[in-house]
Amino acid sequence: MAAPNTDNKFDHQLIEFGGVNTQAARQAIEDDEFSWLENMQPIGYGHLTSVPAAVNLGVTFSGATAYWMRGANIANVEYMMVFCTNGAAYQVNISAGYAKTTIGAAGTFNGSGTKFDQWANERIVIVDPTKGVFSWDGTTLVNLVSVATFTGTIAATTLTVAATLVGTVAVGMGVTGAGVTANTIITGFIGGSGGLGTYTVNNTQAVGPVAMVGTPVVPAVGTSVAVYASRVWIGNGRTVSFSAPGSYTDFTVTDFGGSFVINDSTMHSTITALTTANGFLYVIGSDSINVISDVRVSTLTTVATTLFSNLNLVTTAGTLAPDSVVSYFRTVWMAAPYGLYAVTGSTAQKGSDKLDGVYGLISNTSAISGGVVVLNDILCLCFLGQYLDPINGSRPLLFVYFNKKWFFCSQISTLTFIASSSVAAKPTMFGTDGTTLYKLFSDTGASISQKAQTKLWDFDKPLLDKQVLKAGISIIMPQVLGTISTTIDNEYSSQIASLTGTNTVTWQNNSYVTVQWFNNLSQAVTWANFGYAWYRTDVSSYGKYAGMTITTTVPGVDLIAAQLQYELRARW
C-alpha cells in the first residue's frame, strides 16, 4: 500500500494573462484576471509586457489652449489639425519634422465645438457652430459661406471672373447681376479655383461684363460633419444637410443636394456626432443612433432627386461625448454616461462591464476622447478619461482594449485629449495637455510606471487559512538597469517580498568580499544581467486569500509568470 501524501505544500503559477476586471472584488475575479493593470499589456500566455512612454514633440501652442484635434491626410502628407480655445487652429506635419502651420489666427473659429472631416485627400471641410463652414487644402483657408463679388462675363456656359474680386468663388454659388438668367449656379472649375479665372454655369447665356454677386448655398453653421457617399453631410440641431454628389460646396437641390430633419421621438435631443463606418453614415444623438445608407439619385420621379434609407438603429444608447466615437474593426464605439458601448450591426452592447469599478469615477464622461493605436504590433482601442483616483487623486487614465481584454495606461500626468492618425500606414496615438503636442506610446527607452495586481486567490478552498511560503517571478529583463518590486497581499495587508528584483550583478571573491570594478578613467563600473531571470524568495504571509502586486519603472520588461508556494492551515 502506498504511503499517504502528507506534503501540505502547493504551488500556484499565473502564466495565462487575462485583462483587468474592476467590476467585482479582487477575491471574486477570474484566476487569470488582474484587479489593476497599468502600462502592462496582457498579450497572451507568458507574455505580459510594458508599453512605451510618450514623447514631447516640441510643438507648442503659446497663448492658446488646444481643446480638440484630429488627423488628416492632404496630398499624401499626414497632419494633426489642432484647434484652440482662442479660436486659432494649427496644422502639424506628423509625417516628418512636425512643422507647425497656422490654419487660422485667434478669432477665426469659435473656440469650442469646431469639427472637420477629410474630403478625398485634397482638403478638410471644417464646420463651426458660429463662424461658418470652411475648407482648408493645406495652404489656403476658405470660408465657404462668404459672399463673393466680382466683375464677370458669361458666354454660353462659361463664366469669366475678370476683376474686382472680393471673397472666394465656389461651386454651388448662385450668381446674380444685371442680365444674368435667374437660378444661375456655378457648377465647376475650368481655369479658376476660387479666384480670377473661368468657371462653368448651368444656364446658357451672354452677359457682361457686369458686376456680379456669388451667393453660397452651404449651410451657415454646423456642429458635426462627415464625408459619406462622395458628399459632405453637416449636422446642426436636428437637421442634416447634404451636398451634391462629388461636391463639398454645392448643397443646391437642383444639383441633388438637400437637407432633412429628424423629427422622430427616438432622438430626444439633438445630433451629437456624425461618423462614417462599415458602409453607413451614423447619425448619433445622446440616446439614439440612426444610419443612412443606399444614397442614390433617382430619375424615376418627375423631378430627379436624391434618395436614401434613414433607419433608426438604436433607441437606448448614444453619447454626449462626440470625441469618443471611434470605429474599431466592424464596430463603432462611444462613451455613454453609464459605460462604453459598441454598435455592431443593429445591436448596441455595453463593452466596458469589467471597467465598472473605475468608469463611475470618471469626472466628466462627456469629455472622453478616443482613437486607435498599435501597441506591441496589436491594434488597440483607446479612450481617455479624467479618473478620480481614490488613492492618487484626479489624474488622466487611458482605457485600452483588444481581444476582449481591458488594461489601463498612463502617459503624461496632464493629458487632456487624445486623437489617432495613420503614420506610415500605422495607427498612431497623439495627445495634448493643452499647450504641447505629444506622440504617445512611442519612447521604448524611457522609464514608465508599471503595475500588475493579481487576483486574491483562494486556491479553491476559501474557508481554509493559507500561509504563503515562497514567491517568485519569471521575467525577461531588457538591457536597462532597474528594479522590480513585489508585495505579497492578503485580504488584510501587503508584505514586501525581498526578491532579488534587480538586474545588477555583484561580484565577490573567494572570501565573499564584494569586488568593485573601475574603468580606465577610474569610474565605477556597474555590471548587469539581461534576458531571462527567475527571482524568488522566502516569505511568510497568512490569510484566507493570497495575491501579488508587481511594480517597476524599467521600460521593456516582459513578465513570463508569477508564482506562489503556500501551505493550507486551519479551517474557519
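The values are calculated or read from the model by the stated rules, or taken from the named source; none is laboratory data. All figures in this text were calculated on a predicted structure; none of them were measured in a lab. FYI the Cβ positions are ideal-geometry reconstructions off the backbone, even for glycines, and counts take in every protein chain you see.
Does THR432 count as of a type in the set (S, T, N, Q), assigned by TED's automatic domain parsing to the domain that holds MET40, in contact (Cβ under 8 Å) with a residue 12 or more places away in the chain and crowded, with 18+ Cβ neighbours inside 10 Å? Judged against the criteria, THR432 is not a match. Checked across the range 46-61, the condition of being crowded, with 22+ Cβ neighbours inside 10 Å, part of a loop (DSSP other than H, G, I, E, B) and at pLDDT below 95 holds for at least one residue. For the range 62-84, a tally of residues being of a type outside the set (A, V, I, L, M) and either outside any loop (DSSP other than H, G, I, E, B) or under 24 Å from PHE407 (Cβ atoms) (or both) returns 9. Here the range 25-45 is the region considered, the condition is being touching a strand residue (DSSP E or B) at 6+ places or on another chain (Cβ under 9 Å) and of a type in the set (Gly, Ala, Ser), and the residue that is surrounded by the most Cβ atoms within 10 Å (Cβ to Cβ) is SER35.
Hey, can you tell me all the residues within the range 267-282 that are of a type outside the set (A, V, I, L, M), buried (at least 21 other Cβ atoms within 10 Å of the Cβ) and touching a Lys or Arg at 6+ places or on another chain (Cβ under 7 Å)? None - no residue of the range 267-282 is of a type outside the set (A, V, I, L, M), buried (at least 21 other Cβ atoms within 10 Å of the Cβ) and touching a Lys or Arg at 6+ places or on another chain (Cβ under 7 Å), so the list stays empty. Looking only at residues in the range 202-219 that are within 43 Å of the chain's Cα centre (by Cα) and farther than 30 Å from GLY279 by Cβ, which one is surrounded by the fewest Cβ atoms within 10 Å (Cβ to Cβ)? Among residues in the range 202-219 that are within 43 Å of the chain's Cα centre (by Cα) and farther than 30 Å from GLY279 by Cβ, the one surrounded by the fewest Cβ atoms within 10 Å (Cβ to Cβ) is THR215. The residue of the range 173-183 that is nearest to the chain's Cα centre (by Cα), among those that are at pLDDT below 90 and farther than 13 Å from THR149 by Cα, is ASN183.
For the range 109-126, a residue qualifies if it is closer than 22 Å to ASN73 by Cβ and either in contact with a Lys or Arg (Cβ under 7 Å, 6 or more places away or on another chain) or part of a strand (DSSP E or B) (or both), and the qualifying residues are PHE109, LYS115, PHE116, ASP117, GLN118, TRP119, ARG123, ILE124, VAL125, ILE126. With respect to LEU274, is the statement that it is of a type in the set (A, V, I, L, M), closer than 30 Å to MET80 by Cα, outside any helix (DSSP H, G or I) and not assigned by TED's automatic domain parsing to the domain that holds THR22 true? Against the criterion (of a type in the set (A, V, I, L, M), closer than 30 Å to MET80 by Cα, outside any helix (DSSP H, G or I) and not assigned by TED's automatic domain parsing to the domain that holds THR22), LEU274 qualifies. When the residues of the range 246-266 are filtered to those that are under 30 Å from the mean Cα position of the chain (by Cα) and under 9 Å from VAL171 (Cβ atoms), which remaining residue is surrounded by the fewest Cβ atoms within 10 Å (Cβ to Cβ)? Only one residue tops the list, namely SER247.
Going by what's in this entry, would THR149 be described as out of contact with any Phe, Trp or Tyr (no Cβ under 9 Å at 6 or more places or on another chain) and either in contact (Cβ under 8 Å) with a residue 24 or more places away in the chain or surrounded by 21 or more Cβ atoms within 10 Å (Cβ to Cβ) (or both)? Against the criterion (out of contact with any Phe, Trp or Tyr (no Cβ under 9 Å at 6 or more places or on another chain) and either in contact (Cβ under 8 Å) with a residue 24 or more places away in the chain or surrounded by 21 or more Cβ atoms within 10 Å (Cβ to Cβ) (or both)), THR149 qualifies. From the list VAL225, VAL207, the lone residue that is in the same structural domain as VAL169 (by TED's automatic domain parsing) and either part of a strand (DSSP E or B) or over 19 Å from ILE126 (Cα atoms) (or both) is VAL207.
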